[in-house]
Amino acid sequence: MEAKHLWKQQIKQLLLEVEQQAILKENDLFVIGCSTSEIIGEKIGTAGGIEVAEVLFEPLQAFANRHKVHLAFQGCEHINRAITMERKTQLFYRLPEVSVIPVVRAGGSMSAYAYTQFQDPVVVEHVQAHAGIDIGQTLIGMQLQPVAVPIRVSTKQIGGAVVTIAKTRPKLIGGERAFYG
């Protein structure tokens, strides 16, 4: 099976399992961290490409549309892991815009590709997403709300990249006499 076809099948299966385990609400923020280098079997940040990002973007966008959630793509360390999103998402969450445009060698291929595909792209410094997918150990934890809960799926990798998925939940506060809904 051609690698690109396999990657597309892997992301679709992974998203199906996320749908089954994460209760996403309309307007939730869903962050994606992705090393296209790791997907093709290389060290993170060394060999990625737009053609890999292109394969993954359509299923991710379809997932977001189906669940009415906002996609946010984490850039690489060269732009301090800033987040690419639609301007309507930035305005909805009242996030300050930063001045950078992600490109393949400074921002990462996935974030750079998303920037070209969004209708009105912007970049923000950080978010507190409700859930997310980390493809290739890009460390999206800094972009999640404080209490992250792992989602276990059968798809452990996309290409050569390890996949980690998390949803978040509100903090439990109040101690032993508190009640939680």
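Here are the numbers for this structure:
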| read-out | value |
| --- | --- |
| Where Leu56 falls short, out of the listed (1) closer than 22 Å to Gln157 by Cβ; (2) touching a strand residue (DSSP E or B) at 6+ places or on another chain (Cβ under 6 Å) | (2) |
| Near pairs, Cβ below 8 angstrom, 6+ apart or cross-chain, from region 162-181 (closer than 14 Å to Ala148 by Cβ) to any residue that is charged (D, E, K, R) and surrounded by 10 or more Cβ atoms within 10 Å (Cβ to Cβ) | Thr164/Asp134; Ile165/Asp134; Ala166/Asp134 |
| Residues within region 69-99 that are modelled with pLDDT of 95 or more, among the hydrophobic types (A, V, I, L, M, F, W, C) and more than 10 Å from Glu125 (Cα to Cα), tallied | 7 |
| Subset tally (residues that are in a helix (DSSP H, G or I) and farther than 15 Å from Leu139 by Cβ) for region 34-60 | 13 |
| Residues of region 81-100 satisfying the condition of being of a type outside the set (Phe, Trp, Tyr), surrounded by 15 or more Cβ atoms within 10 Å (Cβ to Cβ) and out of contact with any strand residue (DSSP E or B) (no Cβ under 6 Å at 6 or more places or on another chain) | Glu86 |
| Output for region 61-96, where each listed residue is polar (S, T, N, Q) and either touching a residue at least 40 places away in the same chain (Cβ under 8 Å) or part of a helix (DSSP H, G or I) (or both) | Gln61, Asn65, Gln74, Asn80, Thr89, Gln90 |
| Strands (runs of 3 or more DSSP E) contained entirely in region 112-181, each with at least 2 residues that are under 20 Å from His67 (Cα atoms) | 131-135, 148-151, 161-168 |
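Yes/no per residue for (1) among the hydrophobic types (A, V, I, L, M, F, W, C); (2) more than 25 Å from Ala148 (Cβ to Cβ); (3) surrounded by fewer than 16 Cβ atoms within 10 Å (Cβ to Cβ); (4) touching a helix residue (DSSP H, G or I) at 6+ places or on another chain (Cβ under 7 Å):
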residue: Cys34; (1), (2), (3), (4): yes, no, no, yes
residue: Glu38; (1), (2), (3), (4): no, no, no, no
residue: Lys43; (1), (2), (3), (4): no, yes, yes, yes
residue: Ala53; (1), (2), (3), (4): yes, no, no, yes
residue: Phe57; (1), (2), (3), (4): yes, no, no, yes
residue: His67; (1), (2), (3), (4): no, no, no, no
residue: Leu71; (1), (2), (3), (4): yes, no, no, yes
residue: Gln74; (1), (2), (3), (4): no, no, no, yes
residue: Ile79; (1), (2), (3), (4): yes, no, no, no
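The values are calculated or read from the model by the stated rules, or taken from the named source; none is laboratory data. Being a predicted model, the structure only gives us computed values, none of them experimental. Cβ atoms come from the backbone with ideal geometry, glycine included; neighbour counts cover every protein chain shown.
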